[in-house]
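**Student:** Dumping the structure here so I can ask a few things about it.
What follows is calculated from the coordinates using simple rules that are stated; it is not laboratory data. Not measured: the values here are computed from a predicted model. Heads up, the Cβs are rebuilt from the backbone with ideal geometry, glycines too, and the neighbour counts pull from every protein chain shown.
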Amino acid sequence: MHFSSQLIVLFALVVSLLFPVNAAAGSDAIPPYNATLDNFAYPFKVARFSFESQGQTLSMAYMDVKPQGDPKATVVLLHGKNFSGFYWERIASELAGMSYRVIIPDQIGFGKSSKPEHYQYSFAGLANNTRQLLEHLNVKQATIVGHSMGGMLAVKLAKYAKNNTTKLILINPIGLEDYLKWVDYQDPQVFLTNELNKSPESIRRYQQKNYYDGKWQPAYQALLEPHIGQLKHPDYPRVAMNNALTYNPIFSEPIVYDLPQLTVPVTLIIGTRDRTGPGRAFKKPGITYTLGQYQVLGKQVADTLQHGRLIELDGLGHMPQFEDWQRFKAVFFPLFTGD
């Protein structure tokens with residue numbers, strides 16, 4: 001090998017170490033996962049709740065994490081769109097250690113739950129599914145915690161099952177603005193095309209850019225595994241279709257109008273660096289409004305709440321519970337010490 005060639009190889013090695021093009025490297029070692037993630041391990045025992053919806057029998061996977069003694073109360077954790085229940089492990093473990101019973105469902109269309117071939121998704125419908133699960137588990141009252149899209153679902157659940165909701169905690173929820181006021185509605189086919197064109201690297205790039213301010217840590221990689229595994233499985237077209245269909249309620253059921261109606265206590269935990277703005281690529285002609293300004297949205301929404309509290313985490317983004325656990329836990333768990 002010539003000296004110049006050696007320099008090129010050495011330079012490429014240094015660049016790959018300092019600026020990994022494929023931080024999803026290691027994805028080759030991830031096995032294929034089917035539509036319901038049968039071989040993907042969750043942190044707690046997974047149970048199933050079967051029910052009828054839209055003319056078909058569906059199965060909702062959930063984890064029911066119980067403390068050692070009698071629980072003081074119940075907490076329900078609702079996942080975001082690009083996730084499922086497994087990512088609540090650390091929070092659920094802490095809450096169980098504080099003597100709470102913690103219920104973590106995978107919504108229909110997500111995680112280990114059913115991926116129907118045809119389903120009309122709405123947050124009202126998903127809230128009804130979740131309400132039925134809680135009735136099945138004999139849960140009369142619960143604190144509802146929702147992150148991202150789970151925040152939208154949490155608000156709908158609190159609205160339609162207000163007598164069963166003790167309080168609401170929303171972690172960087174989406175839906176704090178009416179997206180269709182600023183962007184054109186898109187047929188699910190548009191989102192299906194995007195889903196079918198995903199790759200391990202495109203998934204990582206999206207999360208690195210939008211969730212973590214361009215940074216990356218090994219802990220983030222674990223959140224990608226089920227998605228990458230499903231990309232490799234023959235079931236993926238069905239997974240992709242469900243992923244595409246679940247965009248519809250995000251655009252059609254904003255929570256910004258529901259939040260002022262809630263009579264239960266609401267706490268907003270907002271990473272102010274968050275810029276999540278669904279539909280940004282489809283803005284209406286002439287619109288100059290900037291979507292996803294959470295440093296503004298948090299304050300605006302908090303002012304409309306009947307019984308509300310805003311906790312801002314300056315400099316953190318859409319995933320404060322992963323980006324800075326110490327700062328997050330310092331504001332999250334004290335919300336439960338008075339129960």
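**Student:** Residue by residue through region 56-63, which ³J(HN,Hα) values in whole Hz follow from phi under the Karplus form 6.51 cos²θ - 1.76 cosθ + 1.60 (θ = phi - 60°), with glycine and proline marked x?
**Tutor:** After applying 6.51 cos²θ - 1.76 cosθ + 1.60, I find 8, 8, 10, 10, 9, 7, 7, 10 Hz.
**Student:** How high is the relative contact order of the chain, given as a whole-number percent (alpha carbon pairs under 8 Å, six or more residues apart)? Please report the intermediate quantities before stating the final value.
**Tutor:** Working: 598 pairs, mean separation 61.1, N = 339.
It rounds to 18 percent for the chain.
**Student:** Sticking with this one: Based on DSSP H runs of at least 4 residues, each adding -39500 (n - 2.57), what is the mean residue ellipticity at 222 nm of the chain after dividing by all its residues, to the nearest 500 deg cm²/dmol?
**Tutor:** Working: 13 runs with 120 residues, N = 339.
That comes out to -10000 deg cm²/dmol.
**Student:** Looking at region 22-336, what % of its DSSP beta bridges pair antiparallel, to the nearest 5? Present the calculation step by step, with values, prior to reporting the outcome.
**Tutor:** On the way: 13 of 37 bridges.
If I count the DSSP bridges inside region 22-336, around 35 percent turn out antiparallel.
**Student:** Considering only DSSP states other than H, G, I, E and B, which GluC sites (Glu not before Pro) in region 111-189 qualify as loop sites with at most 11 other Cβ atoms within 10 Å?
**Tutor:** Values: sites: 117, 135, 177; in loops: 117, 177.
Answer by residue number: 117.
**Student:** What are the ³J(HN,Hα) values, in whole Hz, obtained from phi via the Karplus relation 6.51 cos²θ - 1.76 cosθ + 1.60 with θ = phi - 60°, for each residue of region 100-111 in sequence order, with x given for Gly and Pro?
**Tutor:** 9, 7, 10, 10, 10, x, 8, 5, 3, x, 10, x
**Student:** To the nearest 20 debye, what is the magnitude of the charge dipole of the chain about its Cα centre, counting +1 on the Cβ of each Lys and Arg and -1 on the Cβ of each Asp and Glu? Display every interim value, and only then the final one.
**Tutor:** On the way: 32 positive and 28 negative charges, 57 e Å.
Computed charge dipole of the chain: roughly 280 debye.
**Student:** List the trypsin sites (Lys or Arg not before Pro) within region 106-214 that DSSP assigns to loop and that have no more than 15 neighbouring Cβ atoms inside 10 Å.
**Tutor:** Filter output for region 106-214: 140.
**Student:** Using +1 at the Cβ of each Lys and Arg and -1 at the Cβ of each Asp and Glu in region 22-336, identify which of 245, 107, 192 lies farthest towards the dipole's positive end.
**Tutor:** After comparing all options, I get 107.
**Student:** Just to confirm my numbers, what's the Cα centroid distance between region 274-330 and region 60-97 in Å?
**Tutor:** 24 Å
**Student:** Exposed loop chymotrypsin sites (Phe, Trp or Tyr not before Pro) only (DSSP loop, at most 13 other Cβ atoms within 10 Å): please give the longest stretch of the chain free of them, not including the sites. All intermediate terms of the calculation are to be shown ahead of the outcome.
**Tutor:** On the way: sites that count: 185, 257, 289.
Between the exposed loop sites, the longest stretch runs 1-184.
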